[in-house]
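Encoded as structure tokens, the structure appears first; notes follow it.
The values are calculated or read from the model by the stated rules, or taken from the named source; none is laboratory data. The structure displayed is predicted, hence computed values, not measured ones. We place every Cβ from the backbone using ideal geometry, glycine too, and count neighbours over all the protein chains shown.
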């Protein structure tokens with residue numbers, strides 16, 4: 001069983017390599033940089049940043065951990081969409097502070113793992129591709145709002 005400890009910005013891992021699948025399988029999959037994760041948290045939402053973080057965890061070989069974080073991120077995004085659509089403002093005043101705190105935590109947690117993965121030969125993912133997906137989803141939701 002592996003355990004992650006984040007203490008004052010330092011990321012410590014105690015790993016069990018039985019959970020991690022072979023790095024050869026996922027070595028061609030690019031990882032999102034810690035700066036990209038933090039930027040998506042700050043400019044969009046912490047749910048999007050954690051979803052990209054779950055993709056990184058999945059691509060590093062921790063399949064179930066990545067899937068669990070992805071499911072949690074999607075649930076948070078869906079809850080936020082329903083609360084904003086119904087007119088309820090969920091944590092509206094402290095939203096930007098929450099996004100910044102999550103961005104700092106994701107940046108500090110991902111930085112050593114990203115640097116190690118890049119040293120081991122993994123590539124950095126394009127930062128703009130999730131932006132295209134976000135804009136497409138927003139456009140679809142706006143079209144659905146006008147149609148319905």
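Annotations
- One residue stands out among those in the stretch 76-100 that are over 13 Å from the mean Cα position of the chain (by Cα), at pLDDT 85 or above and within 17 Å of residue 51 (Cβ to Cβ): the one that is surrounded by the most Cβ atoms within 10 Å (Cβ to Cβ), which is 98.
- Hits in the stretch 114-133 - residues which are out of contact with any helix residue (DSSP H, G or I) (no Cβ under 7 Å at 6 or more places or on another chain), assigned to a helix (DSSP H, G or I) and over 13 Å from residue 35 (Cα atoms): 116, 117, 118, 119, 129, 131, 132, 133
- For first residues located in the stretch 128-140 and touching a residue at least 40 places away in the same chain (Cβ under 8 Å), partners that are not in a helix (DSSP H, G or I) and lie 6+ apart or on another chain with Cβ distances below 8 Å form the pairs 130/32; 134/44.
- Number of residues in the stretch 43-75 that are under 18 Å from residue 94 (Cα atoms) and surrounded by fewer than 17 Cβ atoms within 10 Å (Cβ to Cβ): the value is 2.
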